[in-house]
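Accompanying notes for the structure given below.
Every number in this text was worked out from the coordinates using simple rules, so none of it is lab data. Quick caveat, the model's predicted, so the values are computed rather than measured. Using ideal geometry, Cβ is built from the backbone for each residue, glycine included, and neighbour counts are taken over all protein chains shown.
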Amino acid sequence: MNAKSFSYGILRAIGILLGIFLLLYFLYQIQSVLVYIAVAGVISLIGRPVVIFLRSRFKLPNQLAVIIVLLMVLSVFIGIILVFVPIVIEQSYHLGRIDIEAFKEDIYIMNDQINAYLGVENINLLESLQQSEIAKNLDINIIPKFLNSVFGILGATLIAVFSILFISFFLLKDSKLMLNSILVFANKGEEDKFQRVFNKIKILLSRYFVGLTMQVTVLFILYLLLLSIFEINNPVAIAFICAILNLVPYLGPIFAGILMMLFVISSNLGADFQLIILPKLIYVMLGYSIAQLIDNLISQPLIFGASVRSHPLEIFLVILIAGLLFGILGMVVAVPFYTALKVIAKESLSEYKIVKRLTRDL
């Protein structure tokens, strides 16, 4: 190798690294657009079966079926806004008129009732909260700052919703749009392989996201019934938040349970702990546990088993590894990403024994 070819190799390597860096920087700068495309892709995967149903069952034109599906998505978003905005306004109003001394008195009364029920002494909830790191670092001005930022977020949210619906419309209208975009990266003669992989991934992920939607819907209904029976304030919003938290595997149900406990206590603050708060808390958490059992024994096996065709232990390890590497976001996207990798591996690396073993059900 002469000096000229060696220098050319170095310059070529530097050019490749620089190109990769610029590509990653560009993708970082347009991350919002990438998120819009990803969300629109999920909506198209969920909405595609509905579009097909409307076309085959009611003989609707493709474009009209797509518009109906997007109107359904938009109505869900508007419904969420109509549920949460009045609650935020109401809570903001109450925060401005809250009687701090009366609130402290309620805390002291509940603290004495808990001590009497447990038969212990010298446990002061208020002092413990005041001495905690959270209380020391808490800035009361964060509340008005947060409320002021809501209006700024509203504008960005409207842009995001419009962008997602616009992209979703074309993905739903032309089912081959995404496929044609991917085929530009295929080498000549490999278009059929790319198409098989894409169609398989699309079918599996469509089943998966439809299953997740059904899971969240079932949990929302169960939580709503539970909270309504025990007359907890704002049951619709609480049930929706707790159901959405279940999308985070394993950790989500724990956080949802803690959140539900806090709402039960806050809804009955000032009442007798032993006679009202504790029994209601036990009944609500018992109902929450039953809902989780229904989800774990019925909903999740149907979603993970039938949709992505992976063993529960396999799914658990994938989610655990993704959580350790990428945190909460990694846990959320672990299953669809792993499913896509399995399909690609089956088409490209089927000669390896481990690939055959992992993809035998695909």
| task | Starting from the Cα of L82, step 7 Å along the direction of its Cβ; do the same at L179; then give the gap between the two resulting points in nm. | result | 3.8 nm
| Rule-of-thumb Rg ratio for the range 196-361 [Cα; 2.2 N^0.38 Å; N residues] | 1.25
| said: Could you check the spin-label model distance between L158 and E314? Points 7 Å from the Cα along Cα→Cβ, value in nm. | reply: 4.7 nm
| query | Which of K173/K200; K202/K356; K173/K342; K59/K200; K176/K356; K176/K200 have a Cα-Cα distance over 24 Å? | reply | K173/K342; K59/K200; K176/K356
| In nanometres, what is the gap between the two model label sites at I290 and L251, each 7 Å from Cα along Cα-to-Cβ? | 3.1 nm
| field | C-alpha center-to-center spacing [the range 1-53, the range 231-259] in angstrom | value | 36 Å
| field | Restricting the range 310-362 to GluC sites (Glu not before Pro) in coil, as DSSP defines it, with at most 15 other Cβ within 10 Å | value | E351
